[in-house]
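To start, the structure itself, in structure tokens.
The values are calculated or read from the model by the stated rules, or taken from the named source; none is laboratory data. This is a predicted model, so every value here is computed, not measured. Ideal geometry is used to build each Cβ from the backbone, glycine not excepted, and the neighbour counts take in all protein chains shown. To get the accessible areas, we keep the full protein, side chains included, count just its heavy atoms, and leave off ligands, DNA and RNA. Shrake-Rupley method; radii C 1.70, N 1.55, O 1.52, S 1.80 Å.
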Amino acid sequence: MSSCFPATLTYDTLRFGEFEDFPETSEPVWILGKEFNALTEKEEILSDVTSRLWFTYRKNFQPIGGTGPTSDTGWGCMLRCGQMILGEALVCRHLGRDWRWVRGQKQKEEYISILNAFIDKKDSYYSIHQIAQMGVGEGKSIGQWYGPNTVAQVLKKLAMFDSWSRLVVHVAMDNTVVIEEISEYSRLLRSMQRGPTALWKPLVLLIPLRLGLSDINEAYIETLKQCFMLPQSLGVIGGKPNSAHYFIGYVGEELIYLDPHTTQPAVEPYEDGQVPDETYHCQHPPCRMHICELDPSIAAGFFCKTEDEFDDWCMRIRRVSLYGRLILLTVIAVKYRISILLEEQLHNEMSCSIFFFSCPATEEACPCLS
């Protein structure tokens, strides 16, 4: 692998008009499961990136908790990255992965509802207020910096109150995805709801991972790239120590990411419920950084809207296990039925564990995973 270099382009270090364009390269550009050609599809690449929801620091919003901070500048970057990875899940859930945002164009009601779920107000499902206050239960005081695992745990709790999207957010701990755990959690949610419900609820799978000690281990790099190629990919939240980014893809040896480190004024919805949305979309070429500069503490996200998509994810993840020297993507059960996830009864199916990464670090051993 080529040697590392320190330069990282962010929105705070670049003024308007100084953003670096995509490199002229024949290497494929992968963004959240979609492949692009940098030589012939630059407009398509920028359109795709611009259509992702971009959540950044904000100022002058309602005080968190009534008397708390009115800005998250300096401490909310991982919370904003959590909003971005979940925002991508909601876009896939309600609009589809191929949906595109066009500046000035009247948007669908579903899109407006998604944005309203993240507006910086105490009563929005996934606002900075809700994330910060729910984090208190995870041992994080308001205004304290989060790690990938903490924000994943908070999003899991908040999603339970989102009756519109009806997502199942599962956080796979200890580098392991246990299908039976997802099944049990889904059945618990169904038992708490009234009226007829679909057997399958769209699944957001968040997997906190440790890819090395102080630096990313090179043996993990190719497998990490493979994760961005999966059609179920929601990207990765991580970054550098105390500086979080939302990684949406890669080109060559560079990761492509959206950077929350710029402060914008809080947005107030119009009286008719519409939201001035231009500041929620990055309209410049996205930032890039060499993959070896990635902090080893990350959380990878995947979205499976249907049972078939989860079945497909399991199949593809087995193939990913062929990449990388330290990866243990091994399916333990020889025979199982994916439908056990969301059926009312289990009928002699075997549980299945997918071991994702071999690093044994836990939160107790590694504070970076907190």
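Close amide H pairs (under 5 Å, H built 1.01 Å from N) link SER297 with LEU211, residues at least 5 positions away or on another chain. In the context of the full protein assembly, LYS225 retains an accessible surface of approximately 10 Å², using a probe radius of 1.4 Å and ignoring ligands and nucleic acids. When the P(r) is computed for region 65-138, the part past 16 Å accounts for 55% of the Cα-Cα pairs. So, in Å, what gap is there between the alpha-carbon centers of region 121-180 and region 28-63? One Cα centre to the other: 23 Å. By a 1.4 Å probe calculation restricted to protein chains, HIS281 has an accessible surface near 0 Å², given to the nearest 10.
In this structure SER214 has an accessible area near 90 Å², from a 1.4 Å probe over the protein heavy atoms. Modelled label positions at GLN105 and SER141, each set 7 Å beyond Cα in the direction of Cβ, lie 4.7 nm from each other. Just the number: Rg to Rh for region 13-332, Cα atoms, Kirkwood Rh, two decimals. Expressed as Rg/Rh, it is 0.94. The largest accessible area among GLU88, GLU268, GLU293, GLU109 belongs to the first residue in GLU109, GLU268, GLU293, GLU88, and the rest follow in falling order (1.4 Å probe, all chains).
Full extension of the chain between ASP215 and GLU24 gives 65.9 nm of extra length, using 0.36 nm per residue less the Cα-Cα distance. For region 46-108, a Kirkwood radius taken over Cα pairs fed into Stokes-Einstein (37 °C, viscosity 0.692 mPa s) yields D = 243 µm²/s. Electrostatic bookkeeping for ARG52 treats Lys and Arg as +1 and Asp and Glu as -1; over the other residues with beta carbon under 11 Å from its beta carbon, the sum is 0.
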